[in-house]
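Structure, as structure tokens:
What follows is calculated from the coordinates using simple rules that are stated; it is not laboratory data. Computed from a prediction, not measured in an experiment: that's the story for all the values here. All Cβ positions, glycine included, derive from the backbone under ideal geometry; neighbour counts span all protein chains shown.
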Amino acid sequence: MADSKTCAFIGLGNMGYPMAGHLATAGHNVRVFNRTAAKAEKWASEHGGTACATPAEAATGADVVLVCVGGDDDVRQVLYGDGGLAEDIKADGALSALAAQGSESAVVVDHTTASANLARELAEACGAAGVGFVDAPISGGQAGAEAGQLSVMCGGDQGHFDAAQPVIDSYAKAITLVGPAGAGQTTKMVNQILCAGAIQGAAEAIAFGEQAGLDMNLVLQAVTQGAAGSWYLSNRGETMVSDEFDFGFAVDWMAKDLGLVSDEAQRLGAKTPLTSMTHGYLAESQEAGDNRMDATVIVRRYREQRES
Ligand SMILES: NC(=O)c1ccc[n+]([C@@H]2O[C@H](COP(=O)([O-])OP(=O)(O)OC[C@H]3O[C@@H](n4cnc5c(N)ncnc54)[C@H](OP(=O)(O)O)[C@@H]3O)[C@@H](O)[C@H]2O)c1
């Protein structure tokens, strides 16, 4: 087991709740904050940590502050909102207090899938307060979080990464420092472009096979082990065929992620036509009210096109 640290975990959603649980299981002293307080209390009663009323309170005395909320605006709220980490930054707010405790390891780790610009901005704000920052978006889904088997893509300084890594290790199977602040988020964008391609390919292939009158469960058996195999085909193929989507990675989250890709692509002058196409299918799914369904629900758009 790694040295026991005091960790703050902010955002106990589908991902954060089990991730914080793994920190407690690994022997760390965990202080949690969740916007909906009842979830933090439930977590503390299950895991024996401390439920706190604000992010700043959770961060009190922490060596590592881990954040896993929705998107850019939510991270900003955690930093700059009422009771936020950076509130009264110049008058001994939580970040200044972290730096003042003299621990070289004080570092904020953002697991939220957010923009690379935000990561660069937060790295600067934390640096000005004397605290480290690592952007560390995750991949592996809720099942990966529950199993403690996430892939974590990091951006930041080597020293801050080294301080955070043993803590992140509690719920990860792979942790990679890719480059400076923002590189974790940009890597997650690469990850999401790859996922978009896999989802779009699976949806088009399954709808095509159905229209050809094939038994698609047999087709999946035939193709999943070959060169066309993918995580999505293995883990979502059968549920796509049986039209089940009430689980998994929500359409709204995937649409948010591809929006981040498009913004960054525009900044870089990169071409991402595949991302735009999948984003369009996700937008149609949002219009159809499938917002919280797994992103593979886009196969329904192919089926609708066929019927019309
Ligand atoms: N789910 C996945 O499979 C998956 C996979 C990889 C990456 N991610 C990314 O991981 C992040 C979290 O995903 P999730 O599935 O855990 O989401 P989720 O279940 O919707 O949970 C979001 C959490 O953030 C909190 N939150 C949202 N806005 C907030 C705000 N303004 N201030 C304070 N807290 C706020 C929510 O609090 P309440 O309880 O009060 O709502 C909740 O605890 C997202 O960036 C997502 O894109 C998710």
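Might you report the magnitude of the Cβ-based charge dipole of the stretch 187-307 about its Cα centre, with Lys and Arg at +1 and Asp and Glu at -1, to the nearest 20 debye? Before the final figure, lay out each step's value.
On the way: 10 positive and 17 negative charges, 94 e Å.
That gives a dipole near 440 debye.
Return the loop-located trypsin sites (Lys or Arg not before Pro) in the stretch 210-308 (DSSP other than H, G, I, E, B) with at most 12 other Cβ atoms within 10 Å of their own Cβ; answer none if there are none.
Numbers: sites: R236, K256, R267, K271, R292, R300, R301, R303, R306; in loops: K271, R292.
Hits after loop and neighbour filter: K271.
If you place +1 on the Cβ of every Lys and Arg and -1 on the Cβ of every Asp and Glu, how big does the dipole about the Cα centre of the stretch 204-255 come out, in debye to the nearest 20? If you can, show how the numbers build up before the last one.
Values: 1 positive and 8 negative charges, 48 e Å.
Magnitude of the dipole: close to 240 debye.
Starting from the Cα of K256, draw a straight line to each of the aspartates and glutamates and keep only those under 20 Å, dropping any in the same chain fewer than 8 residues away.
D72, D73, D74, D110, E121, D135, D246, E264, E284, E287, D290, D294
Say each of D263 and S242 gets a label point 7 Å from the Cα, pointing the same way as Cα to Cβ; how far apart are those two points in nm?
Computed distance between label sites D263 and S242 equals 3.8 nm.
Could you tell me which of A250, A145, G197 has its Cα farthest along the dipole of the chain towards the positive end, charges placed at Cβ (Lys, Arg +1; Asp, Glu -1), taken about the Cα centre?
Ranked along the dipole, the leading option is G197.
If the cut-off is a Cα-Cα distance under 22 Å, which lysines reach K173, setting aside same-chain residues fewer than 8 apart in sequence?
Straight-distance partners of K173: K5, K188.
Picking from S115, T275, A212, whose Cα lies most toward the positive end of the charge dipole for the chain (charges on Cβ: Lys, Arg +1; Asp, Glu -1)?
A212
For a footprinting-style exposure proxy, rank D257, D215 by other Cβ within 10 Å, fewest first.
D215, D257
Normalised by the residues of the chain, what does the relative contact order come to in percent, with Cα pairs under 8 Å and at least six apart?
13
To the nearest 20 debye, what charge dipole does the stretch 6-180 have about its Cα centre, counting +1 at the Cβ of each Lys and Arg and -1 at the Cβ of each Asp and Glu?
It works out to roughly 360 debye.
If I require 30 Å or longer along the helix axis, counting alpha carbons, and a Kyte-Doolittle average no lower than -1.0, what helices from the chain are left? Use full DSSP H segments.
Length and hydropathy pass: 183-211.
Taking 0.36 nm per residue of separation and subtracting the Cα-Cα distance, what length does fully extending E287 through A270 add?
Stretched fully, the E287-A270 segment lengthens by 3.3 nm.
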